[in-house]
1. Classify the stretch B:157-200 from the C-alpha gyration tensor, please: rounded if a/c falls under 1.5, else prolate or oblate depending on whether a/b exceeds b/c.
2. Restricting the count to DSSP beta bridges whose residues both fall in the stretch B:8-152, what percent are antiparallel, rounded to a multiple of 5?
3. Can you pull the Rg over Rh of the stretch B:26-176, Cα-only, Kirkwood?
4. Which shape class, rounded, prolate or oblate, goes with the stretch B:38-125 when its Cα gyration tensor gives a ≥ b ≥ c as root eigenvalues, a/c under 1.5 marks rounded, and past that a/b bigger than b/c marks prolate?
5. Suppose only helical runs count, i.e. DSSP H with n ≥ 4. What mean residue ellipticity at 222 nm does that imply for chain A under -39500 (n - 2.57) per run, divided by all residues and rounded to the nearest 500 deg cm²/dmol?
6. Normalised by the number of residues in chain B, what is the relative contact order in percent for Cα pairs under 8 Å and 6+ residues apart?
7. In whole percent, what relative contact order does the stretch B:137-246 give with Cα contacts below 8 Å and a gap of six or more residues?
8. Output the direction-averaged projected area (hull surface divided by four) of the convex hull of the alpha-carbon atoms of the stretch A:11-140, in nm².
Ligand code: SF4
Ligand code: SF4
Ligand code: SF4
């Protein structure tokens, strides 16, 4: 018994005061992915990378919005979404106090993005912000004015129409030399 | 799929009022019985980490017991495999009323990484009513303590459902390139991530770019070589130093006209490591 007291005297009190005092997690701790809606362009890279499908990116029923949805209950905190996100809209935070009572829907985060419709066939195919972002990238990537004008057009086409249009320009002999 | 009909007498004895009543008037420790419903054992390890003196949940009166008949709280982990379906029900029915069920881990909450596997039922709440959810894979011991204290009403729940429904303008996202061509930044970031993973790769990218900007003229291969070599010499972490050299040799030289002598020699002694 005395020996035990000696040991405890030697090591002092090591119990964390949490939850009465805040607890500081270690560096690079992978907590709840924090979503910044303003930065998200709806590219769905995170949805594809997510191994447990905690993130889904889908059109809503009438296809007027692209819904980004994250279910924290299914997230395994692997950080793959953080790795692939091109704009930093999703980053693992240090938040670890995630428990909820009774209602699981408190774990959900979602964002609705406007849909981009194809200029040719009017099919919804992407988010407006993604088209804008792609154009922004191209305009700073040292390409010629003429190519940018072209890009403005083909960025707003769905993949199928883009394919048809490309085939049409090639077969009609209109294609340009890439400068 | 409805898998289990809760018997009427269990339902009657488990209303919210009765549970709150139990929490208020318990007058003794809470006994926790832990059921492993096919978890990978990550969650179990964290539960045992949480009951060590470092976290000491007996401060709040949590005590693990070995028998569901002694328990007030059922702590369920795992995605509920078919083998564990009946044992879970037996434990649930054996626990005295009113019972509090806590689902622990991503698996317990929704099925987690196994949610669409053929052999699991994906989550405790598909079978029995759950009162508190603790996500995490596995949850940090602090998350477990937080979850249990939240379930008892000591702590407040922090998360709420967040929904952004208005698509506003987005801020300009693409920064100007230091070389006038964003493809350079793109290739640089990809290669930095390939060399040092995404967390450290981004730090490496920032270090490299700031060293490049410091040279004054980013398009002058001679000036940038001097500035990058300097940055490598003052860098404390040899991994960053060497990778900065690799980035310079493999990416920068593609975008700016360079001769062989403008490349940095990666031999530590030559670039003068500390
Ligand atoms: S951390 Fe992993 S599991 Fe969680 S949302 Fe990101 S990719 Fe999905
Ligand atoms: S911008 Fe980031 S968060 Fe938004 S959909 Fe793309 S990868 Fe996901
Ligand atoms: S939540 Fe993660 S750690 Fe816990 S049982 Fe499931 S896979 Fe394992």
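1. Details: a/c = 4.61, a/b = 1.61, b/c = 2.86.
Because a/c hits 1.5 or more and a/b fails to exceed b/c, the stretch B:157-200 counts as oblate.
2. On the way: 1 of 17 bridges.
Roughly 5 percent of the beta bridges in the stretch B:8-152 run antiparallel, per DSSP.
3. Working: Rg = 17.8 Å, Rh = 16.5 Å.
Using only Cα positions, Rg/Rh for the stretch B:26-176 is 1.08.
4. Values: a/c = 2.40, a/b = 1.32, b/c = 1.82.
It is oblate, given that a/c is not under 1.5 and a/b is not larger than b/c.
5. Numbers: 6 runs with 56 residues, N = 179.
Per the formula, -9000 deg cm²/dmol.
6. Values: 383 pairs, mean separation 35.2, N = 274.
Normalised by residue count, the contact order of chain B is 13 percent.
7. Values: 61 pairs, mean separation 15.4, N = 110.
Reported as a whole number, the value is 14 percent.
8. Working: hull surface 46.8 nm².
Averaged projected area of the stretch A:11-140's Cα convex hull equals 11.7 nm².
Here, each number is a calculation from the coordinates, and none is a lab measurement. This is a predicted model, so every value here is computed, not measured. Virtual Cβ from ideal backbone geometry, glycine too; neighbours counted across all protein chains shown.
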